[in-house]
Every structure is written in structure tokens, then in C-alpha cells.
Amino acid sequence: MTRLFIILALGLAACTNSSLRGTGDLGVVVERAAGRVMLIETTQRTAIGRVDGLGDLSHASVVFSRDARYAYVFGRDGGLSKVDLLGARIERRVIQSGNAIGGAISQDGRLVAAANYTPGGIRIFDAGTLELLSEVPTGAKVVGIADAPGNRFVFSLFESGEIWVVDASIPRDPKTLRLKDIGKQPYDGFVTPDGRHYIAGLYGEDGLALVDLWHPDRGARRVLQGYGRGEEPLPVYKMPHLRGWAAAGRYLFLPAIGRHEVLVLDRSSWTEAARIPVRGQPVFAVAQPGGRRVWVNFALPHNDTVQVIDVDAMQVVKELRPGRAVLHLEFTPRGEQVWVSSRDDDAVAVYDTATYAELARLRAEKPSGIFLTSRAAMTGF
């Protein structure tokens, strides 16, 4: 009887182990037109499943749970969906507003905040149950939301030119610090990887707004003011995006609005260190892990192109053509691969960052954002 029990136990363990997998190499690709995400793994560079029913993903963003088991998908229709990556299913879903633009997860992983265009403001949810815990009304469109140390959420208000810092340490009673007159029309923002500074790009003027999150009560300061130097900007065909992953050592690489340039900001002095001519109007400037290179994609009519900047030389050293309408780039945590979405070719291409060789090409329906669990965990804020 004992022998039979041991055999059965070993057999059960073998069956169980064969179905187990970690989440460290998983990620999602947003298939925006289909209202779903494609689940991917980066070790073998394959698609392992899809999850439907996520609503309008025309401007979707994703954050991950603390244990990397769940993806929180923020849809343009106000939908907030908690997706089980291992089960390939929707765990929970709520429609929390009329028009949403993104979200963030708190430092301790207990809270998820959704940022809204309509009716404005943010809503804070329990990350486990998606129970609504509190709401912070703003009366204006929220953009550039990011999480900061101390279970804080930081965001900008496009119409009113403000930055708000919300302390959600007591989730049902959040406290808000409002910073006014930070600049005209902040359009996006991010927290630096060390969690100390929040930077908002300004659409209505040349420059950026900088907040020291160690001392937010001191207000916002302008940096890179007048980078256009009075020149007439070009028509903007796609609003650029700002990300903390544009940090490469002491420098931040930032897309210039209405210009064919990437701006380089020295974080030690918060002054301009360089400006790098590029093929078109940059949309994303994303630093490769290790900080040696920065990869850039572009708005129309150059949205089939990706250029690579060498940080040491401060110049473009490589140009690739991954496909039509390149919307997003994402690196594996150690930077050996970059995943690139090509919306109009219905494809995601994977490149070796050392040789620039294409390693794989996955079929995806109108792909846009690419988000990896391990990359999110390693980049702090």
C-alpha cells in the first residue's frame, strides 16, 4: 500500500510540474483593433495564448502585479481588466469611467490607480478585487500618471497646467498636493528610475516641468526651456511619449516636439547636454538596459524606421526598417533582445541588440504596446 502511494504521489508530482511555469519571461502585446492581448514569452520568442474581451485598446497601457501573475490592462473605454497570465483569462473587469488614458500600480502592489479623461480625475482600486476604494476628482484630463515611493501617484492635468501628487497610504482617504502653473499643456510624464523626480513634457511650450519628489512642496521647476530657440515647429503627426526607461546613466533622452531631434538632459545639473539629429519626429526614445544605446521610433512619414543612438558618441549608429507603423519598442531585462511592434504589417519583430539580426517575427493583429513582466520589475518606478 505504501509503495502504491509513493508511485501515485510521484506520478501526480510529475504531472503537476509539467504544467508549471514561471512568469519572469512573460509579457503581453496589445492587439488594439481586436480588443485583446497576445501573451508572449521571451526565452523561446513565441506567442503562448490570447485573451479577448478587453474593450477599446486604442490607447491601452499595462502594469503588472507584484508577483507578475496578473496584468492590469487600462482601456480607452474606461475598462480596467485584471488578466491572469498563467490562466490566459480575465480574472476581473470593471468599467470605471467613460474615457481612460492609463494607470499605475502602487509601490506595495496593493493599489491600482486609473487615470481618466472623462470625467477626469483618478480612481483607486484594490489590486486583488478591483473594489473601488477612493476617487480624486480633478475637473480636467489626467495624463502622465506614474507611481512613486510612499504609495504615491503623480500625474499632470492637460488643460489646467498642474501636477498633482496623491498620497494613497490610506487608500480610502488619499491626500493631494497640487502644484499649479507648471507650464502649458503637460501631455505626458514619468518618474525617473530612482523614484526621485517626476518630469512632465509640455506641449504648449518648449520645455519640461521637473518635480523633486523628496521635496514636492517646493513646486515644479522648468528645464530645457526654449529648446526650439524661436524656430517654427513642424506639424505634430503623433504626440511623443515620455518614459523613465529613457534614462541612460546620467542622461535622459527625450523626444522633441515638432522637431527632428532627440534632446539629452543631464540629470546631474538638469541642463541640456546635447541634441541629436534623427530621421523624423521621435515618438519613443527607449534606453537599452546597460545604457549604451537608445532606440528611437518616429511619427509619419518615417514611422517604418527605428534608429539606434550610441550614448558614448551621442549620434545615430544604426537604422532599421522593422515594418510599417512601428508603434512600440520593448527590451528584455538584460537588453539582449528588443521587441518591436509594426501595426500595419500585423507583426512583432524581435532583434538581437548586439548584431541587429532579426531573431523572430510573430503574427499579431494591429499590435501596439509591448509590456514584459520582468522588465517592469527591474526598472523600479
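The values are calculated or read from the model by the stated rules, or taken from the named source; none is laboratory data. As the structure is a prediction and not an experimental result, all values here were calculated from the model. All Cβ positions, glycine included, derive from the backbone under ideal geometry; neighbour counts span all protein chains shown.
Being in a loop (DSSP other than H, G, I, E, B), touching a Ser or Thr at 6+ places or on another chain (Cβ under 6 Å) and among the basic types (Lys, Arg): is that true of residue 279 here? Judged against the criteria, residue 279 is a match. Within segment 283-293, the set of residues being more than 16 Å from the chain's Cα centre (by Cα) and either buried (at least 24 other Cβ atoms within 10 Å of the Cβ) or not in a loop (DSSP other than H, G, I, E, B) (or both) comprises 293 only. Taking the stated definitions as given, is residue 337 closer than 28 Å to residue 222 by Cα and either in contact with a strand residue (DSSP E or B) (Cβ under 9 Å, 6 or more places away or on another chain) or of a type in the set (S, T, N, Q) (or both)? The answer is no for residue 337.
If you check 316, 340 for being surrounded by fewer than 18 Cβ atoms within 10 Å (Cβ to Cβ) and part of a strand (DSSP E or B), only one passes: 316.
Restricting attention to segment 271-293, does a residue exist that is farther than 25 Å from residue 313 by Cβ and not aliphatic (A, V, I, L, M)? Looking for residues that are farther than 25 Å from residue 313 by Cβ and not aliphatic (A, V, I, L, M), one finds none in segment 271-293, hence no. Scanning segment 189-237 for residues that are more than 14 Å from residue 257 (Cβ to Cβ), modelled with pLDDT of 90 or more and assigned to a loop (DSSP other than H, G, I, E, B) yields a count of 9. Applying the condition of being without any contact (Cβ under 8 Å) to a residue 40 or more places away in the chain and crowded, with 16+ Cβ neighbours inside 10 Å to segment 319-335 and asking which residue is farthest from residue 37 (Cα to Cα) yields 320. Within segment 49-60, residues that are polar (S, T, N, Q) sit with their Cβ atoms under 9 Å from residues that are part of a loop (DSSP other than H, G, I, E, B), at 6+ positions apart or across chains, in these pairs: 58/75; 58/76; 58/77.
Restricting attention to segment 177-218, the residues being small (Gly, Ala, Ser), buried (at least 16 other Cβ atoms within 10 Å of the Cβ) and more than 22 Å from residue 108 (Cβ to Cβ) number 5. Condition first: part of a strand (DSSP E or B), touching a helix residue (DSSP H, G or I) at 6+ places or on another chain (Cβ under 9 Å), surrounded by 16 or more Cβ atoms within 10 Å (Cβ to Cβ) and aliphatic (A, V, I, L, M). Can you find one or more residues in segment 131-147 that meet it? Looking through segment 131-147, at least one residue is part of a strand (DSSP E or B), touching a helix residue (DSSP H, G or I) at 6+ places or on another chain (Cβ under 9 Å), surrounded by 16 or more Cβ atoms within 10 Å (Cβ to Cβ) and aliphatic (A, V, I, L, M).
Residue 112 meets all of the listed conditions (1) more than 19 Å from the chain's Cα centre (by Cα); (2) under 19 Å from residue 189 (Cβ atoms); (3) outside any loop (DSSP other than H, G, I, E, B) but one, namely (1). Do we find a residue being closer than 27 Å to residue 352 by Cβ and out of contact with any Cys (no Cβ under 8 Å at 6 or more places or on another chain) anywhere in segment 263-274? Checked against the condition, which is being closer than 27 Å to residue 352 by Cβ and out of contact with any Cys (no Cβ under 8 Å at 6 or more places or on another chain), segment 263-274 yields at least one hit.
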